[in-house]
Amino acid sequence: MAKTILVTRSSMPTYEEYCEEIKKLWDSHWLTNMGAEHQKLQSNLEEYLDCPNVVLYTNGHLALENIIAAMQFPKGAEVITTPFTFASTTHAIARNGLVPVFCDVDPETYTIDADKIEALITGKTVAIVPVHVYGNICDVEKIDEIAKKHNLKVIYDAAHAFAAKYKGISAANFGDASMFSFHATKVYNTIEGGAVCLRDPALVKTLNEMRNFGMRDAENIIYAGGNAKMNEFQAAMGICNLRHLDAEITKRKKAVERYRENLGGISGIKLCKPQRDVESNYAYFPAVFDGFKATRDEVFAKLAKQNITARKYFYPLTNSFECYRDLKTAGAGKTPVAAYIADRVLTLPLYADLSEDDVDRICEIIMK
Ligand code: T4K
């Protein structure tokens, strides 16, 4: 039977390295609630990302929900975002009682089309939540300009952009805050996990309280907060994985270059171009099938038949989800570029240990 290849595969340290890191937990019996591993990972990440304030979470989604909540926008206020993303982005806005207003995406990077943001601003707009989708960096300069002009907050969904840089600056340092996901499927993982990164420390105390039931201390409970803390086993995995991250990214780069050699210039297959001034983290490898001899869905099925799982990230668009049907701002027709991409894109398998032979096999099946 043909070798199974999934869309991604978690990076992991050796068993021995992880055991060594978690050994201390058997000595201390301290398993969660901001223990020694948590503190160590936080400071390692602040250094790696060159960002002064990193608040760790048990997953990226709750990190995004919390930072939006921490901004204390009035209920019913509008937040401009894009529908070409994972469910989490839109849900984080809606679950805060805010209205997602969907902006179309740029046809080259699939990130928010900054030229279309201003037309969506109303008296109720309070923030922009752009997504560095696939690790492609948004037009951070234009977004910053618009936000300043209209007095809006900018919270980046940087779930895909850990370790990516623009003009030498890490993706942690744009806007008012950025959220990373450290899920098992990401370039860098803590099993599940996430973080909010902020240059300004003003909201750090609020986030620390919100992720821990809104408790300032045992007798002072300030918010009706939930539980979103990262535990010690997650942090230990993060400490180990961070040691190997740069090497893992170099391996991903090799796989991406091989894909580019095989599929670049093929009529009917459109690949994302490397972005100017961006140091990529090679998070995903999207290919758009338009005018190719097979449709996206046919390629998807052909690969699946050979035990190769590609994914339709991100189809359907979040503005066509059933749960947003009654929203006035919903409807894929309002974001035609995003709808066009969502109907044709396939993210091909990509992970550090994906060999060049594997990439060749995937591309051969596609070309056939
Ligand atoms: N914003 C954006 C833009 C996001 O993409 C995400 C998450 C978030 C926010 C929220 O962050 P988190 O709260 O998740 O930290 C996956 C992930 O669960 C999700 O984290 C991710 N985005 C989304 C794009 O993909 P699924 O349902 O497609 O994953 P699943 O279980 O099908 O796994 C995909 C492949 O990954 C598997 O075929 C094999 C591999 N895999 C999976 C797991 C679970 C591993 O190698 N190891 C594993 O442990 O959602």
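The values are calculated or read from the model by the stated rules, or taken from the named source; none is laboratory data. Please read these numbers as outputs of a predicted model, since none were measured by experiment. Glycine gets a Cβ as well: all are built from the backbone with ideal geometry, and neighbour counts include every protein chain shown. Note: areas computed on protein heavy atoms with side chains; ligands, DNA, RNA excluded. Shrake-Rupley method; radii C 1.70, N 1.55, O 1.52, S 1.80 Å.
Considering only region 292-312, state which residues are among the basic types (Lys, Arg), away from the ligand (no atom under 16 Å from the Cβ) and outside any loop (DSSP other than H, G, I, E, B).
To start, the set of residues in region 292-312 that are among the basic types (Lys, Arg) comprises 293, 296, 302, 305, 311-312.
With away from the ligand (no atom under 16 Å from the Cβ) added as a condition, the list becomes 293, 296, 302, 305.
Within region 292-312, Arg296, Lys302, Lys305 qualify.
Could you check how many residues of region 103-119 are out of contact with any Lys or Arg (no Cβ under 6 Å at 6 or more places or on another chain) and surrounded by 17 or more Cβ atoms within 10 Å (Cβ to Cβ)? Break it down into steps so the answer makes sense when it comes.
Residues of region 103-119 that are out of contact with any Lys or Arg (no Cβ under 6 Å at 6 or more places or on another chain), as a first pass: 105-113, 115-119.
With the extra rule that they be surrounded by 17 or more Cβ atoms within 10 Å (Cβ to Cβ), the set shrinks to 105-106, 109-113, 117.
Of the residues in that region, 8 qualify.
I need the full set of residues from region 32-44 which are of a type in the set (D, E, K, R) and either within 16 Å of the ligand (Cβ to nearest atom) or open to solvent by less than 20 Å² (accessible area, probe 1.4 Å) (or both), in order please. Quick ask: steps written out before the conclusion?
Within region 32-44, the first condition is being of a type in the set (D, E, K, R), and the residues that meet it are 37, 40.
Correct list: Glu37 only.
Can you work out which of the residues in region 217-251 that are open to solvent by 30 Å² or more (accessible area, probe 1.4 Å) and among the hydrophobic types (A, V, I, L, M, F, W, C) is farthest from Tyr282 (Cα to Cα)?
Looking at the filtered set, the residue picked out is Ala218.
Based on what the data block shows, is Gly214 under 14 Å from Ala70 (Cβ atoms), within 16 Å of the ligand (Cβ to nearest atom) and surrounded by fewer than 20 Cβ atoms within 10 Å (Cβ to Cβ)?
Working: under 14 Å from Ala70 (Cβ atoms): yes; within 16 Å of the ligand (Cβ to nearest atom): no; surrounded by fewer than 20 Cβ atoms within 10 Å (Cβ to Cβ): yes.
Judged against the criteria, Gly214 is not a match.
Quick check on region 136-145. Is at least one of its residues touching a Leu at 6+ places or on another chain (Cβ under 8 Å), within 16 Å of the ligand (Cβ to nearest atom) and at pLDDT 95 or above? I'd like the intermediate steps shown before the answer.
Within region 136-145, the subset touching a Leu at 6+ places or on another chain (Cβ under 8 Å) is none.
Scanning region 136-145, I find no residue that is touching a Leu at 6+ places or on another chain (Cβ under 8 Å), within 16 Å of the ligand (Cβ to nearest atom) and at pLDDT 95 or above, so the answer is no.
Name the residue that is nearest to the chain's Cα centre (by Cα), counting only residues in region 152-174 that are closer than 20 Å to Asp115 by Cβ and part of a loop (DSSP other than H, G, I, E, B).
For region 152-174, the residue satisfying everything is Phe174.
Can you tell me which residues in region 276-291 are surrounded by fewer than 20 Cβ atoms within 10 Å (Cβ to Cβ), assigned to a loop (DSSP other than H, G, I, E, B) and not basic (Lys, Arg)?
Correct list: Asp277, Asp290, Gly291.
Examine region 313-320 for a residue that is more than 25 Å from Ser355 (Cα to Cα), outside any loop (DSSP other than H, G, I, E, B) and open to solvent by 30 Å² or more (accessible area, probe 1.4 Å), and state whether such a residue exists.
yes
Residue under question is Gly265, and the condition is that it be modelled with pLDDT under 95, outside the structural domain of Leu62 (by TED's automatic domain parsing) and surrounded by fewer than 21 Cβ atoms within 10 Å (Cβ to Cβ); does it hold? Lay out the reasoning, then the answer.
On the way: modelled with pLDDT under 95: yes; outside the structural domain of Leu62 (by TED's automatic domain parsing): yes; surrounded by fewer than 21 Cβ atoms within 10 Å (Cβ to Cβ): yes.
Yes, satisfied.
Inside region 188-211, can you point out the residues that are assigned to a loop (DSSP other than H, G, I, E, B) and surrounded by fewer than 17 Cβ atoms within 10 Å (Cβ to Cβ)? Outline the logic, then answer.
We begin by selecting, within region 188-211, every residue assigned to a loop (DSSP other than H, G, I, E, B); these are 188-193, 199-200, 211.
Arg199, Asp200, listed by residue number.
Restricting to region 321-362, give me the number of residues that are away from the ligand (no atom under 14 Å from the Cβ), part of a helix (DSSP H, G or I), buried (at least 16 other Cβ atoms within 10 Å of the Cβ) and among the small types (Gly, Ala, Ser).
The number of residues fulfilling the criteria is 2.
Please enumerate the residues belonging to region 63-87 that are open to solvent by 20 Å² or more (accessible area, probe 1.4 Å) and polar (S, T, N, Q).
Result: Asn66, Gln72.
Would you mind finding the one in Glu16, Glu47, Glu20 that is open to solvent by 100 Å² or more (accessible area, probe 1.4 Å), within 25 Å of the chain's Cα centre (by Cα) and free of Cβ contacts under 8 Å to residues at least 60 places away in the same chain? Please lay out each step first, then the result.
Values: Glu16 fails: within 25 Å of the chain's Cα centre (by Cα); Glu20 fails: within 25 Å of the chain's Cα centre (by Cα).
Going through Glu16, Glu47, Glu20 in turn, just one is open to solvent by 100 Å² or more (accessible area, probe 1.4 Å), within 25 Å of the chain's Cα centre (by Cα) and free of Cβ contacts under 8 Å to residues at least 60 places away in the same chain: Glu47.
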